[in-house]
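*Asks:* Quick one: the structure is below, and I'll ask about it shortly.
The values are calculated or read from the model by the stated rules, or taken from the named source; none is laboratory data. From a predicted model like this one, the values you see are computed outputs, not experimental measurements. Counting neighbours? That spans all protein chains shown, and the Cβs are built from the backbone with ideal geometry, glycine included.
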Amino acid sequence: MKIIVLGKNGQLGQCLTQQLSLLEVESLTTPFTSQLFAKSDCDLSNFHQVREMFLSHQPNVVINAAAYTAVDTAEGDVETADLINHKAVAHLAQLCQEFDSVLIHVSTDYVFDGRGNTPYFEHAPTAPQGAYGRTKLLGEQAITASQCKHIMIRTAWIFSEHGSNFLKTMLRLGGERAQISVVDDQLGSPTYAQDLARAIIGTLPHIASGTCPWGMYHYAGDSVVSWFEFAQHIFATAKSLGLKTPDKLLAIPTSEYPTPAPRPAYSALSSKLFTQSFAIEASDWRSGINQTLGKLTQ
Ligand SMILES: NC(=O)c1ccc[n+]([C@@H]2O[C@H](COP(=O)([O-])OP(=O)(O)OC[C@H]3O[C@@H](n4cnc5c(N)ncnc54)[C@H](OP(=O)(O)O)[C@@H]3O)[C@@H](O)[C@H]2O)c1
């Protein structure tokens with residue numbers, strides 16, 4: 001099985017890179033090779049380059065971990081967000097259909113309007129509130145329309161030892177400030193990127209055996225918290241490791257922390273269908289915090 005990963009330098013991309021390289025050493029029941037591409041190797045918006053990549057590698061599975069993820073910037077740069085999250089994804093899906101490759105694509109909780117109050121299931125009505133969510137939803141719809149074999153995985157609130165994310169921002173601010181304010185009226189399900197990478201890799205044996213149930217899935221954290229509660233857990237763990245933490249953590253409403261793009265008030269995702277289909281549990285994000293801080297303080 002030939003696997004291609006796009007977006008290898010992102011948070012998820014780096015986790016996939018690490019785990020696939022370990023797997024290659026350990027070997028799977030189905031032998032596989034993986035090729036990992038950064039934007040500089042294969043730019044999704046360069047349709048000619050992406051086609052050439054298919055022609056030279058003939059992948060069985062394409063994992064798309066690349067995206068335009070700058071949620072606020074997307075509001076003023078809709079064209080670029082649409083090119084990468086929608087048009088380039090539509091092109092990728094067409095190529096997967098043409099080359100009979102399986103597409104594993106990652107999408108987002110931002111396709112929902114955030115008015116729910118229980119974790120969203122896969123078939124809940126979508127109603128994105130901002131440009132990022134709208135372009136990601138158009139990407140999802142293009143994959144479905146292409147009829148390529150696919151697994152789409154919506155996830156939420158990704159954090160890890162890699163890249164920029166809420167956990168790392170909290171740690172930085174905790175080292176600089178005595179007091180930090182964090183919104184407590186936006187709820188979601190934090191997802192450790194290594195767990196998401198493991199979940200994606202966990203679908204590969206199903207693909208190899210021809211028993212994979214194609215379609216849309218959610219994979220995210222195993223419980224629901226506000227950003228404020230997430231920060232409390234981060235600082236409690238950081239403190240236990242002797243890291244500097246703020247003296248005071250203040251809970252504030254979203255109205256006191258305005259952002260260019262609206263954020264869903266509730267965007268927790270249910271991973272139940274993914275767990276039933278692939279026997280992989282939702283992300284244990286509390287353990288993910290421990291693991292991330294452990295790696296960052298090594
Ligand atoms: N982060 C979250 O909280 C979150 C939540 C829900 C869903 N998601 C989804 O999860 C997936 C992974 O997110 P992430 O946090 O790992 O994202 P990330 O860290 O921002 O990484 C995205 C990667 O995409 C690459 N990329 C951007 N434009 C590209 C292009 N034109 N061609 C090829 N590569 C391109 C970037 O490369 P450069 O670094 O070189 O620009 C970067 O390495 C995305 O689909 C995202 O929409 C993320």
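*Asks:* Looking at A231, A261 in this structure, which one is more than 21 Å from L20 (Cα to Cα), touching a helix residue (DSSP H, G or I) at 6+ places or on another chain (Cβ under 8 Å), in a helix (DSSP H, G or I) and small (G, A, S)? First the steps, then the outcome.
*Replies:* Working: A261 fails: in a helix (DSSP H, G or I).
The conditions single out A231.
*Asks:* Give the residue that is farthest from the ligand (Cβ to nearest atom), with candidates limited to residues of the stretch 80-125 that are surrounded by fewer than 17 Cβ atoms within 10 Å (Cβ to Cβ) and within 17 Å of the chain's Cα centre (by Cα).
*Replies:* Only one residue fits best here, namely F121.
*Asks:* For the stretch 11-23, give me each residue that is buried (at least 23 other Cβ atoms within 10 Å of the Cβ) and small (G, A, S).
*Replies:* Correct list: G13 only.
*Asks:* Here is a further query. Which condition number does T237 fail, the rest of (1) out of contact with any strand residue (DSSP E or B) (no Cβ under 7 Å at 6 or more places or on another chain); (2) modelled with pLDDT under 95 being met?
*Replies:* Single failed check for T237: (2).
*Asks:* Take the conditions assigned to a helix (DSSP H, G or I) and among the small types (G, A, S) and apply them to G163. Does it pass? Don't jump to the end; show me each part of the working.
*Replies:* Working: assigned to a helix (DSSP H, G or I): no; among the small types (G, A, S): yes.
In short, no.
*Asks:* Considering only the stretch 131-159, state which residues are farther than 18 Å from Y120 by Cβ and near the ligand (Cβ under 8 Å from one of its atoms).
*Replies:* F159
*Asks:* Related question: Before we move on, is V25 aliphatic (A, V, I, L, M), at pLDDT below 95 and either closer than 22 Å to A156 by Cα or more than 8 Å from the ligand (Cβ to nearest atom) (or both)? Talk me through it step by step, then tell me what you get.
*Replies:* Details: aliphatic (A, V, I, L, M): yes; at pLDDT below 95: yes; either closer than 22 Å to A156 by Cα or more than 8 Å from the ligand (Cβ to nearest atom) (or both): yes.
Considered against the rule, which asks whether it is aliphatic (A, V, I, L, M), at pLDDT below 95 and either closer than 22 Å to A156 by Cα or more than 8 Å from the ligand (Cβ to nearest atom) (or both), V25 comes out as yes.
*Asks:* On to the next question. Can you tell me which residues in the stretch 223-277 are exposed (fewer than 15 other Cβ atoms within 10 Å of the Cβ) and basic (K, R)?
*Replies:* K239, K244, K248, K272
*Asks:* Please state which of the following conditions A70 fails to meet, knowing it meets all the rest: (1) among the hydrophobic types (A, V, I, L, M, F, W, C); (2) within 14 Å of the ligand (Cβ to nearest atom); (3) over 25 Å from A156 (Cβ atoms).
*Replies:* (3)
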